[in-house]
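Have a look at the structure below, then the notes.
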């Protein structure tokens, strides 16, 4: 783990690599949580986080599920695309944040919303994509995952 001064220099100087997990249930609803921390504090967002150095994408996904939701599951992840997230703020004063984000979808029906971890999100809810697109308390970077043009990072035809 990085010390805070090193991490602040990195956030101030480079993009961060991250994963967002678009968790869908059998009702075709998306799991979102209300963020506690900057950036995107007080917005509903999908579950996600940074990829650490020497951590595989699968290991990062499993860690994020465990840390953010308290879930330890094995599941298939379906690649959605690469997105860029720009924020005017960060956990540090007067420092913006830039993420290169890989979005993956997974299916999960067994999540008890009241039992999910509250380390990154104060509350959770399931929401349809059509409702998600209309709500102002859901961050625009989440909505970008469901737009036709995908707002991807200039890599619209890339497949993995």
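The values are calculated or read from the model by the stated rules, or taken from the named source; none is laboratory data. This is a predicted model, so every value here is computed, not measured. Every residue, glycine as well, gets a Cβ built from its backbone with ideal geometry; the counts of neighbours run over all protein chains shown.
In the range 73-90, which residues are part of a loop (DSSP other than H, G, I, E, B), modelled with pLDDT under 95 and touching a strand residue (DSSP E or B) at 6+ places or on another chain (Cβ under 8 Å)? Explain how you work it out, then say what you get.
From the range 73-90, those part of a loop (DSSP other than H, G, I, E, B) are 73-77, 88-90; that's our starting set.
If we keep only those that are modelled with pLDDT under 95 too, we end up with 73-77.
Within the range 73-90, 75, 76, 77 meet the criteria.
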**Study point:** Residue that is nearest to residue 68 (Cα to Cα), among those in the range 114-145 that are in contact (Cβ under 8 Å) with a residue 60 or more places away in the chain and part of a helix (DSSP H, G or I)
**Key:** 142
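Condition check ((1) outside any loop (DSSP other than H, G, I, E, B); (2) at pLDDT 95 or above; (3) crowded, with 19+ Cβ neighbours inside 10 Å) across all residues:
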residue	(1), (2), (3)
26	no, no, no
67	yes, no, no
71	no, no, yes
92	no, yes, no
98	yes, yes, no
106	yes, no, no
Check your understanding: Name the residues in the range 2-16 that are surrounded by fewer than 17 Cβ atoms within 10 Å (Cβ to Cβ) and in contact with a helix residue (DSSP H, G or I) (Cβ under 9 Å, 6 or more places away or on another chain), would you?
Key -> 2
Exercise for review: Tell me, please, whether a residue that is part of a strand (DSSP E or B), at pLDDT 95 or above, under 18 Å from the mean Cα position of the chain (by Cα) and farther than 16 Å from residue 85 by Cα can be found in the range 3-18.
Suggested key: no
Check your understanding: Could we say that residue 86 is under 24 Å from residue 1 (Cα atoms) and surrounded by fewer than 16 Cβ atoms within 10 Å (Cβ to Cβ) here?
Key -> yes
